[in-house]
Amino acid sequence: MPQQSLSEGCQVFISQPVGFVGGEVTVPGDKSISHRALLLSSIADGTSIIRGFLHSEDCLATLAALRAMAVDVAAEGSDLKILGVGIEGLQSPPGPLDLGNSGTATRLLAGVLAAQPFDSVLTGDASLRKRPMERVAIPLRLMGAVIETRDGGKAPLKIKGGRLLTGIDYTLPIASAQLKSALLLAALWAEGQTTIRSPSPSRDHTERMLGVMGVKIEQNSSHAISLTGGERLEAQEFKIPGDFSSAAFFLVAGLLGAPDGLLIRNVGVNPTRTGLLDILQEMGGQIELRNQRECGGEPVADLFVTQSELRGIEVHPDLVSFSIDEFPVLFIAAACARGQTVVTGAEELRHKESDRLSVMATGLRVLGVSVTECPDGLCIEGGSVSGGRIDSQGDHRIAMAFTIASLAAKGVIEILRTEEVATSFPDFVAVATHSGLAIEVAWSKNKDDLSDE
Ligand code: S3P
């Protein structure tokens, strides 16, 4: 969805102060795993089924792109049935592929399209067109791809078809799962071996899923993997677990306001995603993993969280890539904790759907929280939180995070530009309401329409 200026109007969350949450909630399917299941099923041999697919705007953008390349995807209730076209079966799309707000879709597809016999163009909304894409184009060019970026390395990406790729040995400049996955995907078509080294680990859903689909991946160390081109993928039946990044809002909600506990069912707990659990537990949070099991190569559990006295901590920089999408709601927990919380080593947050360090610092200050912003992190003085009007800058995770502050806030929190919540968690307001939050969805013609507290 294109980002609009406030004068064109926007969707607003009006979140009332509430004391408690509780009961049970279920969060929708994992976004990262949904994108990958769809993409890999499309180039597999045979028919795959995806159960628990996340029907959010980001994943539907990947679906539309694959359909535009002649992949037959049928909906069976909320499940998807994908007739894989095999490794050589994608067809030239009739026009540019618009991936909306989705960085994951754009970067993963760049890896796939770099190796196809046809030309393609990847583009997206205003937020996506501000995000860095040279980081994926550079190693793909080293493999032999021809990719043009615009305005100093941004989308649209113009990819020339018909290039024969060759495997490379490449060290990523940052621990990015999107980059690693783009290179792994391109490597499927490349001649010889591709080795990808990373400064530290990042989420490993692509490696796990390729393994389940019969592709041999060598794990050289926790930081290096290799794949040799020429393998084929076997169709699968996937069951997508609930998204830990969506559960994160309810983990913090439970810590702030669930004296009798809040149960979040069926959540993916892949250790490359659950850094927030370690951080919140170190802050004093009581969180139990129940009914731990494995599903399609991914660990899954029910999370039971109980209201806890949180204290500020220094977050270890090694945990940053394992909690990369959870910082907006972690900053809310920090604002409600006793004492100071310091986050460093998180410069990457400036390159997400918004500059999350700057937008969160500005929003927290509106709520009366003292925040110091550094190039690579924030220092937050926890304590009291007031009501106020926040501009989420169209960032879905920031919009959802500020509703959770209502469990500690002394007044109403109005959050502007909340449409993008549909990119990852279309039913967020319903699930949040079910847990006990009180969020009204309004439409503002412009920000001056909203009532002052
Ligand atoms: C994602 C990887 C992460 C994350 C993003 C989804 C993925 O980005 O922030 O929301 O699905 O691979 P990095 O590429 O920075 O790891």
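Between residue 221 and residue 193, what FRET efficiency comes out of the Förster formula 1/(1 + (r/R0)^6) with R0 = 25 Å and r the beta carbon distance, rounded to 0.05?
Working: r = 16 Å, r/R0 = 0.62.
The computed FRET efficiency comes out at 0.95.
Going toward the positive end of the dipole of the stretch 1-112, with +1 on Lys and Arg Cβ and -1 on Asp and Glu Cβ, which of 43, 82, 110 do you reach last?
110
Using +1 at the C-beta of Lys and Arg and -1 at the C-beta of Asp and Glu, which of 217, 425, 277 has the Cα lying farthest in the positive direction of the dipole of the chain?
Of the listed residues, the answer is 217.
Would the stretch 59-110 count as rounded, prolate or oblate if I go by the C-alpha gyration tensor, calling it rounded below 1.5 in a/c and otherwise prolate when a/b exceeds b/c, oblate otherwise?
On the way: a/c = 1.81, a/b = 1.16, b/c = 1.57.
Oblate, since a/c reaches 1.5 and b/c is not below a/b.
On a 0 to 90 degree scale, rounded to 10, what angle separates helix 57-68 from the longest Cα axis of the chain?
Between the helix axis and the principal axis of the chain, the angle is about 20 degrees.
Charges only on Cβ, +1 for Lys and Arg, -1 for Asp and Glu: so what's the dipole of the chain about the Cα centre, in debye to the nearest 20? Intermediate results must be reported in sequence, preceding the final value.
On the way: 39 positive and 55 negative charges, 148 e Å.
That gives the chain a dipole magnitude of about 720 debye.
Give me the percent of accessible area attributable to carbon and sulfur for the stretch 71-217, probe 1.4 angstrom. Walk me through the numbers before you get to the answer.
Numbers: 2750 of 5420 Å².
The nonpolar share, carbon plus sulfur, comes to 51 percent.
Do the sum for the chain: with -39,500 (n - 2.57) for every DSSP H run of n ≥ 4, divided by all residues, what is the mean residue ellipticity at 222 nm, to the nearest 500 deg cm²/dmol?
Details: 12 runs with 123 residues, N = 453.
Rounded to the nearest 500, it is -8000 deg cm²/dmol.
Which length gain, in nm to one decimal place, applies between residue 138 and residue 318 when the Cα-Cα distance is subtracted from 0.36 nm times their residue separation? The partial results should precede the final answer.
On the way: separation 180, 0.36 × 180 = 64.80 nm, distance 2.56 nm.
Going from the current span to full extension adds 62.2 nm.
Test of understanding: what is the full-extension gain from residue 72 to residue 148, defined as 0.36 nm times their sequence separation minus their Cα-Cα distance? Could the numbers behind the result be given before it?
Values: separation 76, 0.36 × 76 = 27.36 nm, distance 2.91 nm.
Here the segment from residue 72 to residue 148 would lengthen by 24.4 nm.
Evaluate the charge dipole of the stretch 98-220 about its Cα centre and quote only its size in Debye, nearest 20, assuming +1 on the Cβ of each Lys and Arg and -1 on the Cβ of each Asp and Glu.
Details: 16 positive and 11 negative charges, 51 e Å.
The calculation lands at about 240 debye.
Round to a whole angstrom and tell me the spacing of the C-alpha centers of the stretch 300-334 and the stretch 39-79.
If you average the Cα positions of each part, the centres end up 32 Å apart.
Pull out a ≥ b ≥ c, the square roots of the eigenvalues of the alpha-carbon gyration tensor of the stretch 1-118, then state rounded if a/c is under 1.5, prolate if not and a/b is larger than b/c, and oblate in the remaining case. It would help to have the intermediate numbers written out before the result.
Working: a/c = 2.88, a/b = 1.55, b/c = 1.85.
The shape class here is oblate.
Counting only other residues whose beta carbon sits under 14 Å from that of residue 384, what net charge do I get with K and R as +1, D and E as -1?
Values: positive: 338, 365, 410; negative: 381.
Surrounding charge for residue 384 is +2.
Antiparallel as a % of all DSSP beta bridges within the chain, to the nearest 5? Please report the intermediate quantities before stating the final value.
Values: 61 of 84 bridges.
Approximately 75 percent, going by the DSSP bridge assignments.
Could the peptides 381-392, 54-65 be put in order, highest first, of the mean number of other beta-carbon atoms found within 10 Å of their residues?
Ranking, from highest mean packing down: 54-65, 381-392.
Where both partners of a DSSP beta bridge lie in the stretch 230-374, what percent of those bridges are antiparallel, to the nearest 5?
The antiparallel fraction comes to roughly 75 percent.
Kindly express, to the nearest 10 degrees and within the range 0 to 90, the angle between helix 31-42's C-alpha long axis and the longest C-alpha principal axis of the chain.
Between the helix axis and the principal axis of the chain, the angle is about 20 degrees.
Can you compute 3J(HN,Hα) from phi for each residue in the stretch 74-91, using the Karplus curve 6.51 cos²θ - 1.76 cosθ + 1.60 with θ = phi - 60°, rounded to whole Hz and x for Gly and Pro?
Karplus values, whole Hz, x for Gly and Pro: 10, 8, 10, x, 8, 8, 10, 10, 10, 8, x, 9, x, 5, 10, x, 5, 10.
Helix 177-187 against the longest principal axis of the chain: what's the angle in degrees, Cα atoms only, rounded to the nearest 10?
10
Looking at the square roots a ≥ b ≥ c of the eigenvalues of the Cα gyration tensor of the stretch 244-375, which shape do they give, rounded for a/c under 1.5, prolate if a/b is larger than b/c, or oblate? Display every interim value, and only then the final one.
On the way: a/c = 2.06, a/b = 1.38, b/c = 1.50.
Since a/c reaches 1.5 but b/c is at least a/b, the shape of the stretch 244-375 is classed as oblate.
Taking the dipole about the Cα centre of the stretch 136-195, with the C-beta of Lys and Arg at +1 and of Asp and Glu at -1, give me whichever of 183, 147, 194 is farthest to the positive side.
147
The values are calculated or read from the model by the stated rules, or taken from the named source; none is laboratory data. Please read all numbers here as calculations on a predicted model, not as lab measurements. Reconstructed Cβ throughout: ideal geometry from the backbone, glycine too, with neighbour counts over all protein chains shown. Note: areas computed on protein heavy atoms with side chains; ligands, DNA, RNA excluded. Shrake-Rupley method; radii C 1.70, N 1.55, O 1.52, S 1.80 Å.
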